[in-house]
Amino acid sequence: MVSTDSGQVKITARGLSLFYGSFHALKSVDLDVQSRTITAIIGPSGCGKSTLLRTFNRMNDMVPGFRLDGEVRLDGQDIYGPQMSVSVLRKRVGMVFQKPNPFPFSIRDNVLFGPRAHGVTDRAYLEHILEQSLRGSGLWDDGGFDLDTPAQDLPLGAQQQLCIARLLAVEPEVILLDEPCSALDPYSTLHIEDLMRQLSEAYTIVIVTHNMQQAARASDRAVFMLLGSMVEEGPTGRLFTEPHDERTAEYIMGRFG
Amino acid sequence: MRLREFVIEKLLFIAALSSLAVLALIAVFVFIEGTPIMLREGLGSFLLGAKWAPTKGSFGILPMIMGSIWVTVGALLIAGPVGVACAVFLVEIAPRQVADVVRPAIQLLAGIPSVVYGFIGIVVLVPFIRETFGGPGLSILSAAIILGVMVLPTVISIAQNALEAVPVEYKQGALALGCTHWQTILLVILPTARTGLITALVLGMGRAVGETMAVIMVVGNAVKLPINPLDPARTLTSNIALEMAYAAGAHREALFATGVVLFVFIMILNALANMRLRRRGSHR
Amino acid sequence: MAHHRRSHLLLVMAIIAGLSIGVAGCRGPQSGGLTVAGSTSVQPLVEHLAERYMAEHHGEVVNVQGSGSTAGIRAAVSGAAAIGMASRELEPTERDLHRFLIAQDAIAVIVHPANPVKALRREQLRDIYARRIRDWQQLGGNPGTINFITREEGSGTRGAFQEIVMGDAEISADGIVQDSTGTVRAIVAGDRNAIGYISLGMVTPEVATISLDEVVPTHDAVISGQYPLTRPFLLVTSGEPGPRERAFMDYLHQPACQAIIEEEGYVPSAAESRS
Ligand SMILES: Nc1ncnc2c1ncn2[C@@H]1O[C@H](COP(=O)(O)OP(=O)(O)O)[C@@H](O)[C@H]1O
Ligand SMILES: [Mg+2]
C-alpha cells in the first residue's frame with residue numbers, strides 16, 4: 001500500500017504550541033508527517049485536530065489572539081519564518097474543508113480559479129490544467145457534467161471532488177483535508193477515500209477525521225490527540241490494534257465498542 | 001387574547017391598506033392631471049421636443065429627460081465605485097473599532113438636509129469646477145458630484161449587506177488556494193456579491209433621480225439640451241419644483257406630465273431592483 | 001419572541017401612519033395663525049415685521065411662507081393664505097384683489113466686486129440676458145464668457161426685470177436659473193464672470209452693484225424715482241380684508257415699521273407717497 005518514496009519526512013513540527021488568546025490549544029506537539037503517505041489525525045471533538053492541521057498552511061494566522069511557539073518545517077524550511085510567503089506556502093499546501101465550498105461560479109471557473117489568480121493566461125495550458133485536475137479528482141471519469149454548469153448545482157459529493165480538483169489545479173505538494181466526508185453520504189465517502197488513495201501516490205495527505213472506520217480504512221499512519229497534546233503516532237494498523245498508550249486504547253475502544 | 005390579536009391584526013391590515021391607498025391616490029391624481037396634455041401634444045413631441053416654453057405653448061421635456069439621465073448616471077459613476085470601495089473597506093479591511101465609528105458617521109451623512117449639500121455645492125464645489133474645468137460651474141458635473149455624495153449612504157449600506165452575506169467559506173477557499181486578501185476580495189467576494197451590489201446601485205439611482213433641492217441649487221437649471229458635463233441643465237424634478245408654484249392651466253398639466261415621466265422612470269428602476277433581488281433569492 | 005417584537009414594530013408603524021393621516025386632515029391653513037404667503041423677496045421683510053407684531057400682540061400668530069409672487073396671489077384667491085405677498089405689480093387678471101403697498105424696492109444688477117464693468121445701459125443689460133452680448137470684452141471688461149443668472153419664471157423679481165429691462169425680448173434659455181435671492185448672490189459672489197439681479201435690500205459687500213443708465217442704485221435714487229428698475233412690495237387679499245388681516249396690515253404702516261423698512265434698505269410706502 002505504501003508508495004515508493006514514502007518514509008521521507010515532508011512536514012516536521014517541533015515543540016509546537018499554539019494559543020488562541022489565553023487558551024492553550026496545542027501543547028508542545030512533535031510530529032513528522034511522511035511524504036506520499038496518508039496520515040490521519042484522530043481524537044475527540046475540540047482536542048485540536050483542526051488547529052494542528054491549519055498550522056500546516058497557516059490558516060490560523062488571522063484568528064484574533066493567535067500565537068505560536070516552536071516550529072513547523074516543510075521540506076526543512078520554516079513555514080513561519082520570514083522567508084516564507086504565505087501565498088506560496090498555501091499553493092504548496094492545499095486544503096479541503098469540512099463543508100464543500102466551491103465558489104458560486106461554473107465548474108470550469110472553479111477549477112481554473114487558482115491558476116488564473118496566480119497569473120496563468122495561456123488558454124491551451126489552462127485547458128490542459130482543467131482536464132488534468134478534473135481527471136485527478138475523478139470528476140472527469142464521472143463525466144456527463146457540462147463544465148459551464150454552476151458548481152452549486154452538483155451533488156455534495158461531486159462538489160467536494162470539485163474542491164479537490166480546484167486544489168490540484170495549483171499543483172500542491174501536500175493536501176490537508178478537514179473531515180472532508182462528514183457532510184457526505186456513505187457512497188460519496190467511499191468515493192473520496194478511493195480518490196485519496198490514488199492521490200497519495202503523488203501527494204502527501206493529512207486528513208482529520210471523526211470516523212474511526214475511515215481512519216482505519218484509509219490511512220497509512222495515524223496520530224491520536226487529546227486536549228491539545230499529541231498522545232501517540234504510528235502506523236495505522238499498529239495504532240488501532242496495539243496502542244502504546246492507555247488513553248489511545250480507551251478512545252479507540254470507546255469509538256469502536 | 002384572541003380578541004386582542006384579532007383587533008391588532010385588523011388594525012395593521014387597515015394601516016397597510018391606507019398607506020397603499022394614499023400611494024394609489026397620489027399616483028392616480030398625477031396620472032389624471034398629467035396624461036391629457038401628453039395625449040393632446042402627442043407623446044412624441046412631448047417626450048422628444050427640445051423646446052420648453054410653457055407660457056407660450058411649447059411643451060418639450062427632452063432637455064429635462066436628458067438632464068436627469070446625465071445627472072443620475074454621473075452621480076452613479078461617482079457613488080458606485082466610491083460606495084462599493086467604502087463598503088469593502090468597512091466589511092473587509094477596517095479594524096472593528098474603526099468600522100464601528102465610521103458606519104454611524106456615514107449614516108449621519110444621510111441625515112444632513114439637502115439644502116446644506118446644495119449650499120456647500122454653490123460655495124465650494126461650483127467655483128472649484130468653474131476655475132478648474134471652465135464653464136459656468138453650475139453644471140451637470142457639480143450636480144453629479146453633490147448627488148453622488150448624497151446617495152453614498154444608501155449605496156454603502158446596501159453594498160455592506162451584500163458583502164457581509166458572502167459566506168466565509170468562499171473567502172477561506174480562496175485564501176487556502178494562496179490568494180492574497182486583495183485577490184480574494186476582487187476574485188471571490190465582489191463577484192459573489194454582484195447582484196447585491198447592483199441592487200445598491202439601482203436603489204441609489206432611484207434616490208438620485210428623485211432628489212430635488214440640492215440639485216436645483218447647483219445644476220444651473222438652464223432649459224437646453226446638455227452636450228457636455230460642464231453644461232448647466234435642468235432635471236425633471238427641478239423643473240417641477242421650480243415652476244409648480246405658479247403654473248396654471250396647460251403649464252400645470254405639463255408639469256404633472258413631467259411627474260408622470262419621473263414616476264415611470266422610478267418604477268422601472270424599482271422593477272429592475274426587485275427583479276435582481278428575486279433572482280438572487282431563488283439562487284440560494 | 002422575535003415574532004412578538006416584529007408585531008410591536010408593525011403596531012408602532014400603524015399608529016404613526018394613522019396619526020400622520022389624522023394630523024394632515026386637521027391642519028387647515030387658517031386654524032390659529034394668520035397665514036401670509038408669496039414672494040420670496042418680500043418674505044424676509046414681512047417675517048421680520050411679523051415677529052415684532054407677534055411680540056406686541058399676545059396670542060396672535062402670523063405664519064410667513066415663501067412660494068413666489070404668482071403662487072402667493074393664487075393662494076390669496078383660493079383662500080389657502082389669508083394674505084398674499086407679491087413683489088411685482090398686479091396683472092390685469094388680478095386687478096380685483098385688494099392691493100396694499102408696503103414698500104417700494106429696487107432691483108439691483110450685481111456682479112463680482114472684481115469685475116471692472118461698473119455701468120451698463122438698459123439695452124446692454126437686455127442684450128446680455130437675450131444672449132446677444134456674450135463676452136465681457138464687448139462691454140469693456142476682461143475677456144470671459146458672461147454667466148448670466150436669472151430667476152425662475154413666476155418670480156416677482158423676474159417679472160419686474162422682464163417688464164422693465166427686457167420688454168418684448170425673451171430671456172435666453174442658456175441662462176442659469178436660480179429660485180432664490182440667496183443663491184443668486186452666492187453664485188455672483190463666487191464668479192468673476194457672473195451677473196445677476198436681486199432686491200436692493202439684499203445686496204451685501206460680497207457683490208457689487210452696477211449703475212443702470214448712469215444711475216447708481218441708492219436709496220435716494222429710488223426715492224427720487226431716477227433709478228428705473230423698481231417694483232412694489234404688495235400684500236393682497238381676496239376682497240376687503242377682515243379685521244385680523246386689517247390689523248396686521250395697518251401695523252405695517254405705523255411709523256416704527258416704516259422706519260424698519262427703510263433701515264432694511266427699502267423705500268417705505270409712506271416715502272413713496274410723499275415724493
Ligand atoms: N478561532 C478560535 N478562537 C478561539 N478558540 C478556538 C478557535 N478555534 C478553535 N478554538 C478552540 O480550540 C480548541 C481546538 O479546536 P479545534 O482544533 O477546532 O478542535 P477539533 O478540530 O479537534 O474539534 C477547541 O477547544 C476550540 O474551542
Ligand atoms: Mg475540527
| query | How high is the FRET efficiency from B:V124 to C:D135, r the C-beta distance, R0 25 Å, rounded to 0.05? | reply | 0.40
| HN-Hα J couplings of the stretch B:46-58 from phi, Karplus 6.51/-1.76/1.60, θ = phi - 60°, integer Hz, Gly and Pro as x? | 6, 6, 10, x, 9, 10, 10, 9, x, 7, 10, x, 9
| message | With viscosity set to 0.692 mPa s at 37 °C, what whole-number translational diffusion coefficient in µm²/s follows for the protein assembly as shown from Stokes-Einstein and a Kirkwood radius over Cα pairs? | response | 100 µm²/s
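What FRET efficiency comes out for the pair A:T121/B:R2, r = Cβ-Cβ distance, R0 = 56 Å, nearest 0.05?
E between A:T121 and B:R2, to the nearest 0.05, is 0.25.
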| said: Which one, C:N63, C:I102, C:G79, is farthest towards the positive end of the dipole of the stretch C:49-110 when Lys and Arg carry +1 and Asp and Glu -1 on their Cβ? | reply: C:G79
| Ranked highest first by the average count of other Cβ atoms within 10 Å around their residues, in what order do A:155-165, B:264-274 fall? | A:155-165, B:264-274
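Under the classification rounded if a/c is under 1.5, otherwise prolate if a/b is larger than b/c and oblate if not, where does the stretch C:135-211 fall, given a ≥ b ≥ c as square roots of the Cα gyration tensor eigenvalues? Write down the numbers at each step before the final one.
Values: a/c = 1.62, a/b = 1.15, b/c = 1.41.
Oblate shape, in that a/c is at least 1.5 and b/c is the bigger or equal ratio.
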| query | Taking the Cα-to-Cβ direction at C:R244 and at A:S229 and moving 7 Å from each Cα, how far apart do the two end points lie in nm? | reply | 9.1 nm
| request: List every DSSP H helix in chain B whose Cα atoms extend 18 Å or more along the helix's own long axis and whose mean Kyte-Doolittle hydropathy is at least -0.5. | output: B:2-41, B:62-88, B:96-109, B:140-164, B:194-210, B:249-283
| task | Give the angle, between 0 and 90 degrees and rounded to the nearest 10, that separates the Cα long axis of helix C:69-78 from the longest principal axis of the Cα atoms of chain C. | result | 40 degrees
| query | Which loop-located trypsin sites (Lys or Arg not before Pro) does the stretch C:35-101 contain, where loop means any DSSP state but H, G, I, E or B and the Cβ has at most 13 other Cβ atoms within 10 Å? | reply | C:R95
| note | Across B:47-57, the residue-averaged tally of Cβ atoms belonging to other chains within 10 Å stands at 1
| message | Taking 8 Å as the Cα distance limit and 6 or more residues as the minimum spacing, I'd like the relative contact order of the stretch B:141-284 as a percentage. | response | 28 percent
| Taking the stretch A:174-257, which GluC sites (Glu not before Pro) meet the DSSP loop condition and have no more than 16 other C-beta atoms within 10 Å? | A:E201
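When only Cα pairs under 8 Å and 6 or more residues apart are kept, what is the percent relative contact order across chain C? Can you show the working numbers first?
On the way: 498 pairs, mean separation 70.0, N = 275.
About 25 percent, as a whole number.
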| said: Students often forget the sequence filter, so: which lysines lie under 19 Å Cα-Cα from A:K27 once same-chain residues fewer than 8 apart are removed? | reply: A:K49
| task | Compare the Cα positions of A:M196, A:Y125, A:T236 along the charge dipole of the stretch A:115-237 (+1 at Cβ of Lys, Arg; -1 at Cβ of Asp, Glu; about the Cα centre) and return the one farthest towards the positive end. | result | A:T236
| field | Added length on full extension, which subtracts the Cα-Cα distance from 0.36 nm per residue, B:E169 to B:L25 | value | 47.0 nm
| Cβ-based charge dipole, the protein assembly as shown, positive-most Cα from C:A186, B:M217, B:I156 | B:I156
| message | Run the simple label-point estimate for C:K118 and A:R217 please: 7 Å along Cα→C-beta, distance reported in nm. | response | 10.2 nm
| note | Where a ≥ b ≥ c are root eigenvalues of the Cα gyration tensor, a/c under 1.5 meaning rounded, otherwise prolate if a/b exceeds b/c and oblate otherwise, the stretch A:43-113 counts as oblate
| For the stretch C:106-230, what relative contact order do you get, as a whole percent, if you take Cα pairs closer than 8 Å and at least 6 residues apart? | 42 percent
| Using alpha carbons only, how many degrees (0 to 90, rounded to 10) separate the axis of helix C:243-252 from the longest principal axis of chain C? | 40 degrees
| query | For the stretch B:63-283, how big is the tail of P(r) above 33 Å, as a whole percent of Cα pairs? | reply | 25 percent
| Suppose every K and R has +1 on its Cβ and every D and E has -1 on its Cβ; what is the size of the dipole of chain A about the Cα centre, in Debye to the nearest 20? | 540 debye
| field | Proximal lysines to B:K224, defined as alpha-carbon separation beneath 20 angstrom and excluding residues fewer than eight positions away on the same chain | value | B:K51, B:K56
| Translational diffusion of chain C, µm² s⁻¹ [Kirkwood Rh, Cα pairs; Stokes-Einstein; 25 °C; 0.890 mPa s] | 120 µm²/s
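Taking the Cβ-Cβ separation of C:N142 and B:L48 as r and a Förster radius of 41 Å, what is the calculated FRET efficiency to the nearest 0.05?
In this case the efficiency is close to 0.50.
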| Which of rounded, prolate, oblate describes the stretch B:1-108, given a ≥ b ≥ c as roots of the alpha-carbon gyration tensor eigenvalues and a/c under 1.5 marking rounded, otherwise prolate only if a/b is larger than b/c? | oblate
| query | Label points 7 Å out from Cα along the Cβ direction at B:T55 and B:K10: separation in nm? | reply | 5.5 nm
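Read-outs: derived from the displayed coordinates by stated rules, not from any lab. What you see is a predicted model; the values in this text were computed from it and never measured. A quick note on method: Cβ atoms are made from the backbone with ideal geometry, for glycine too, and the neighbour counts reach across all protein chains shown.
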